[in-house]
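For reference, the structure discussed in these notes is given below.
The values are calculated or read from the model by the stated rules, or taken from the named source; none is laboratory data. It should be emphasised that the depicted structure is a prediction, and the values quoted were computed from it without experimental measurement. We place every Cβ from the backbone using ideal geometry, glycine too, and count neighbours over all the protein chains shown.
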C-alpha cells in the first residue's frame, strides 16, 4: 500500500527533454487574457443577481470576501506554477508534495470543477443565445433548449449548449496559440460590454438602494422558506465567478519564460477581474433595488432595460453570446491538460495522452473532454452545476495551499522565481477561507461532492492502480 503515497520528483516534472512535453508558445499577455477569459463570464453576467438575492446590497461584501480568498489561493498557485512549470495544476503540485493517491483525488476534484464549469457556462450561454435569437425572430423549440434536469422547463436536450462545446472543442484542436489569439479578441468584447453597462448604470446610481446594506446577516443561513441567505451564502456561490486563474497554471508547459510569465498571468488576471467585479456589482446595486433584478437570468441586461436602454441591453446580451465561449475555451483547455497529465502519469490509459505533432495538442483528451462536457450540459440545469463546481474547486485550492507549505519545509532551497511573502501564512489563510466557503455551500452540494470523491477513490483502487491502466 505504501506505493499509493509515492511522490513524483520535481526534477522529473520539469524535464524539458521529456518526449511527451507540450510546446511552449504562450506569452504573459496570452496568459492574462486566458485568465480574464476564464474568470469574466457567466459569473458576473448572471450570478450578480443570485448573489444579491442571498445577501442584498451586501453582495458587494460577498464579492470582496470571495475575491480575497481567491487572491490568497492565486498567490499559492503563482509560487508553485513558477517553481514547477508543468501541466496539471493542483494535481501536479499534490503529486510532488503529498503522493499519488492524494494527487488522484485532487485530479478527480479538478475533473469535477473543469467539466462542470464548462457545462454550466454552456447552459448559461444557451439561455442568452436563445433569447438573442428570439429577439431576431428565430424561435428554437423549447424541448431542444433545456435538458430533462431543468426543474422549471424540462426539455429533451439543451442543443445550443452541446453545439457551443463542439465548436470550442474544434477550436482547441486547431492549436493552442490560435485558440489563445481568438480568446484575446473575445475577451476585449466582454470587457467593452461591461464598461458600457457601468457607463450607463452609474448616472442612475442611488445610495438609497444600499439600505439596509445587509438584510440577511453575514453567516450562511436558511430562512423559513428554505432559501439560502447571508453574505457568506452569496460568497459561496459568487466564488464561481472568480476562479479561472487556476486554468492559467495548467498552461505552464506551454508558456515561454514560465518563471516570469506564469506569475504575471495568474496574479494579473485576478487583480484585473476583482476590479471589474467590484465596479460592476456597485453599479448594478446602485442603479436598481436588488429585489428588482435578483431573480433575473440576465440581470445586467434587465437593469439596462429598466433604465430605458433597450438597445444597450440587447448589445449586452449579444456580447454575452459572442464572448462567453472564452470561458468554455479556457476551462476545456485546462480540463484536457489535467486529463493529459493524468494519462501521461499512467493513472489513465497512456494512449490518451498522445500529443499531435502538428498542432502540439493532446487530441484524444481534447475530444474526450468535449464529449463529457456536452453530456453534462445537455441534461443539467445551471444552478445545481455552479454550486457543485465550487466544491471541486475549493478542494483543489486547499490542496495547492497545503502543497506550498509542505514544499517550503521539504525543499527550502529550490529555486522559486516567484516567492510569496509570508507564504505559509498566506497558505493557511487560503485553507481557512476555502473551508469556510465550502461549509457555506448547501448541505446537498457537500453531500454530492463527497459521493463524487468516494467514487473517485473506488476508481483509483479498481482501475487506476492496475498495470493495464498504465499501458
**Request:** Determine, yes or no, whether residue 103 is part of a helix (DSSP H, G or I), buried (at least 24 other Cβ atoms within 10 Å of the Cβ), modelled with pLDDT of 80 or more and in contact with a strand residue (DSSP E or B) (Cβ under 9 Å, 6 or more places away or on another chain).
**Result:** no
**Message:** I'd like to verify a number: residues in segment 126-178 that are at pLDDT 75 or above, part of a loop (DSSP other than H, G, I, E, B) and closer than 30 Å to residue 30 by Cβ, how many?
**Reply:** 0
**Message:** I'm told residue 142 meets every condition in (1) touching a helix residue (DSSP H, G or I) at 6+ places or on another chain (Cβ under 8 Å); (2) more than 21 Å from residue 340 (Cβ to Cβ) except one. Can you identify the failing condition by its number?
**Reply:** (1)
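Grab the helices (runs of 4 or more DSSP H) fully contained in segment 43-100, keeping just those with 3 or more residues being surrounded by fewer than 24 Cβ atoms within 10 Å (Cβ to Cβ) and modelled with pLDDT of 80 or more.
On the way: elements: 48-55, 59-83, 90-97.
The helices (runs of 4 or more DSSP H) meeting that bar are 59-83.
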**Message:** Looking at 282, 247 in this structure, which one is surrounded by 24 or more Cβ atoms within 10 Å (Cβ to Cβ) and either in a helix (DSSP H, G or I) or modelled with pLDDT of 80 or more (or both)?
**Reply:** 247
**Asked** Listed residues 208, 219, 313; which is over 18 Å from the mean Cα position of the chain (by Cα), surrounded by 21 or more Cβ atoms within 10 Å (Cβ to Cβ) and modelled with pLDDT of 75 or more?
**Response** 313
**Message:** Between 224, 311, which is outside any loop (DSSP other than H, G, I, E, B) and without any contact (Cβ under 8 Å) to a residue 12 or more places away in the chain?
**Reply:** 311
**Request:** Give the residue that is surrounded by the fewest Cβ atoms within 10 Å (Cβ to Cβ), with candidates limited to residues of segment 410-431 that are touching a helix residue (DSSP H, G or I) at 6+ places or on another chain (Cβ under 9 Å) and free of Cβ contacts under 8 Å to residues at least 40 places away in the same chain.
**Result:** 421
**Prompt:** Would you say residue 322 is in a helix (DSSP H, G or I), surrounded by fewer than 24 Cβ atoms within 10 Å (Cβ to Cβ) and at pLDDT 80 or above?
**Reply:** no
**Request:** Filter segment 109-131 down to residues that are within 29 Å of residue 258 (Cα to Cα) and surrounded by fewer than 24 Cβ atoms within 10 Å (Cβ to Cβ), then give me how many there are.
**Result:** 2
